[in-house]
Every structure is written in structure tokens, then in C-alpha cells.
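Q: Here it is, the structure in full.
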Amino acid sequence: MKIACIQLDIAFGNPETNFARVAEKMTEAKENGADIIVLPEMWNTGYALTELEALSDSEERAKSFIADFAKKNQVHVVGGSVSTHKNGAFYNTMHIADKNGEAVGEYDKAHLFGLMDEHVYLEAGNSLNLFELDGVTCGGVICYDIRFPEWIRAHALNGAKIMFVPAEWPAARIDHWRVLLQARAIENQCFVVAVNRAGSDPKNEFGGNSMVIAPWGEVRMQLGMEETIGYTEIDLTEVDEVRGRIPVFDDRRETLYKKTEKNL
Ligand SMILES: O=C(O)CCC(=O)C(=O)O
């Protein structure tokens, strides 16, 4: 499975430019043999949160755009996330389409990031994000979600062998990004495919450093800070091999964790 991580420099508050650039980059990734294309967080608008009424995706444009591209090019697309307007509220939403153009997943970011005012403008989602690509169970969370190990664990316990993490993670905390992603891969014995944006917006410089991490924790791909596309091949048999080597899932003591939570 060849994965393409599109580390895009997102144009702030400019969906037209971003749709055109994403189309161009996805075409390049497909021409380079990608089986799965992964995009960053909020790629349609960036964090133009005060302009969501006018700019966010209210008609599932991104969902159709991703599904159409996937079908036409026979490639899976994990569509990062876009700002959406649905059911009377704004969300940070991930769309996933398989290579047949089927919409196999839709996820609203569950943990809203107060430091970037998400809680002021967005509603949080409440559901896990599990989907199948070529018969492999995958999960997807967004950016700040990786600070909640129990959330990623819930996906792993439900069978996820690859966790996708689109992000707009600031350069100022890029060390946290690297360590948290590596920890999530090691503790859940799964692949982590994390795609951050490049560039800056009026408030933040973003850190790039998109990464693919193997279930044993090795960093298989790591980009710099600039806009680029990173490619890696992954072999899913590694997940079972690592889970067999140290049977973390069999050794869990669920009842103990529940008791501890109650006593806190
Ligand atoms: O947790 C962090 O430090 C960054 C999170 C973030 O930027 C986001 O969720 O958009």
C-alpha cells in the first residue's frame, strides 16, 4: 500500500484556491502511484473561524469532490478535514472515500482545541471514526484528538490497524506532535499516518513534519516544514506481527481501569 501525505500550505479563508491546489496535488500523488491519499486538517478554509458563515462547506462540496476524484482515479482518499455547516452548526469534518468513490466515513472532530478558539465556533462530534479500505479497518482522528490516548485506543480496540491524523499543528509545539504520534503508534501497535499543514496563517506558523510511524514505533517517513508530498509503502502484516510479539491487547485489565476512573 503506497501512501501519499499531502503537506499543503493552505490559503487562509480562500476555498477556491484550496480546492484547485488540492486537485493539483492529488493528481500528482496519483501519477506517482499512490493507493491512499491523505490531506491535512481544515484544508478548505484554514482557521478562518470568524468567516465560517460565508466560507464553510454547506453543500457537501468537499464530500463530492473527494468521492469524484477517488472514483475517477481509482484511489482511496482520506480527505483530511474541512469546515462544514450542517444541522445549524459548524464542524471540523473528515470525509473518506474509497477507490470506488463510496463515501466510507464521515467524522466530526471530537476534541475541540480551546487554544485556537474551536470551542467558540464549532460543535464537537461524538462518534468514533472507523472505516474499511481494501478490507483493512482504519480509524481517523483530527489534530488535538491525539492528546487523548483513550480516544485512539477506542479505535484500536475496535480493530483499527491504521490511524490517520490530519492536522494544523503549530510549529511551537511540534515536539509534542512527534512524541504523541509515536506513542500512539507504539501503545496501539498500529500504523499512524499523520499529515500536518505547512505555512502560516495570521495567528500561527505551522510545523509540517508529517509522519508515517510503524506499529513498532519506527518513523518510516518524516517531512520537513515546507509544502511537499511524502510517500511511503506500508505492509499491514507488521501490525499482526507486532501484536503477536507483545500481546498488549490480551494483557489489558479493563475492569481495573474502570475502577481507577471511578476512584479519581
Ligand atoms: O494540541 C495542540 O498542541 C495542537 C492542536 C491543534 O492545533 C488543533 O487541534 O487544531
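The values are calculated or read from the model by the stated rules, or taken from the named source; none is laboratory data. What you see is a predicted model, and the numbers here were worked out from it, not measured in a lab. Using ideal geometry, Cβ is built from the backbone for each residue, glycine included, and neighbour counts are taken over all protein chains shown. The area values use the complete protein model at the heavy-atom level, side chains included, leaving out ligands, DNA and RNA. Shrake-Rupley method; radii C 1.70, N 1.55, O 1.52, S 1.80 Å.
Q: Return the distance in nm (one decimal) between the two label points of a simple spin-label model at residue 1 and residue 134, each offset 7 Å from Cα along Cα→Cβ.
A: 0.7 nm
Q: While we're on this one: Keeping every protein chain present and rolling a 1.4 Å probe, give me the accessible area per residue for the chain in Å². Could the numbers behind the result be given before it?
A: On the way: 11380 Å² over 264 residues.
Ligands and nucleic acids excluded, the figure is 43 Å² per residue.
Q: For residue 9, list long-range residues whose amide hydrogen, built 1.01 Å from N in the peptide plane, is under 5 Å from its own amide hydrogen.
A: Sorted by chain and number, the residues that satisfy this are 198.
Q: With the crude spin-label approximation of a point 7 Å out along Cα→Cβ, what separation in nm comes out for residue 173 versus residue 237?
A: A separation of 4.0 nm, rounded to one decimal place.
Q: What is the list of residues in region 27-54 whose amide nitrogen lies under 13 Å from a point 7 angstrom out from the Cα of residue 220, following Cα to Cβ?
A: 35-36
Q: Do the sum for the chain: with -39,500 (n - 2.57) for every DSSP H run of n ≥ 4, divided by all residues, what is the mean residue ellipticity at 222 nm, to the nearest 500 deg cm²/dmol?
A: It comes out at -9500 deg cm²/dmol, rounded to the nearest 500.
Q: What pairs in 2/63; 99/161; 161/203; 63/203; 25/63 have C-alpha atoms more than 26 Å from each other?
A: Values: 2/63 23 Å; 99/161 19 Å; 161/203 35 Å; 63/203 28 Å; 25/63 17 Å.
Over 26 Å Cα-Cα: 161/203; 63/203.
Q: Tell me which trypsin sites (Lys or Arg not before Pro) from region 83-119 have a DSSP coil assignment and no more than 15 other beta carbons within 10 Å of their own. Don't jump to the answer; show the numbers that get you there.
A: Values: sites: 86, 99, 109; in loops: 99, 109.
Answer in residue order: no site qualifies.
Q: Using a probe of 1.4 angstrom, how much of the accessible area of the chain is carbon and sulfur, in percent?
A: On the way: 5500 of 11380 Å².
Roughly 48 percent of what the probe reaches on the chain is carbon or sulfur.
Q: Given the options 250, 98, 175, state which has the largest fluctuation in a GNM of the chain using a 10 Å cut-off (strictly under) for Cα springs.
A: 250
Q: Out of region 202-243, which GluC sites (Glu not before Pro) are coil in DSSP terms and have no more than 12 other C-beta atoms within 10 Å? Display every interim value, and only then the final one.
A: On the way: sites: 205, 218, 226, 227, 233, 238, 241; in loops: 218, 226, 227.
Hits after loop and neighbour filter: 218, 226.
Q: Can I ask one more? Simple spin-label model, 7 Å along Cα-to-Cβ: residue 24 to residue 147 in nm?
A: Placing both labels 7 Å beyond Cα along the Cβ direction yields 3.4 nm.
Q: Just need the Rg to Rh number for region 196-237, please, alpha carbons only, Kirkwood Rh. Spell out each step's value before the answer.
A: Details: Rg = 12.7 Å, Rh = 11.6 Å.
Computed over Cα atoms, the ratio is 1.09.
Q: In degrees, nearest 10, range 0 to 90: what is the angle between the Cα axis of helix 61-73 and the longest Cα principal axis of the chain?
A: On a 0 to 90 degree scale, this one is about 70.
Q: Grab the Cα-Cα distance for residue 53 and residue 16, subtract it from 0.36 nm times how many residues apart they are, and report the gain in nm with one decimal. Display every interim value, and only then the final one.
A: Working: separation 37, 0.36 × 37 = 13.32 nm, distance 1.57 nm.
Contour length minus the Cα-Cα distance gives 11.7 nm.
Q: On to the next question. Which angle between 0 and 90 degrees, to the nearest 10, do you get for helix 15-31 versus the longest principal axis of the chain when only C-alpha atoms count?
A: Between the helix axis and the principal axis of the chain, the angle is about 60 degrees.
Q: Which residue, 137, 77, 169, has the largest displacement toward the positive end of the dipole of region 2-263 when charges sit on each Cβ (Lys, Arg +1; Asp, Glu -1)?
A: Highest projection toward the positive end goes to 137.
Q: Still on this structure, please answer the following. Between region 191-228 and region 32-78, what's the alpha-carbon centroid distance in Å?
A: For region 191-228 versus region 32-78, the Cα centre distance is 18 Å.
Q: Taking only Cα atoms and a 10 Å spring cutoff, compute GNM fluctuations for the chain and point out the largest among 128, 157, 52.
A: 157
Q: Please build a GNM for the chain, connecting alpha carbons under 10 Å apart, and tell me which residue among 42, 225, 163 fluctuates the most.
A: So, out of 42, 225, 163, the one fluctuating most is 225.
Q: Here's a follow-up. HN-Hα J couplings of region 248-259 from phi, Karplus 6.51/-1.76/1.60, θ = phi - 60°, integer Hz, Gly and Pro as x?
A: The phi angles translate into 4, 5, 5, 8, 5, 10, 3, 5, 5, 5, 5, 4 Hz.
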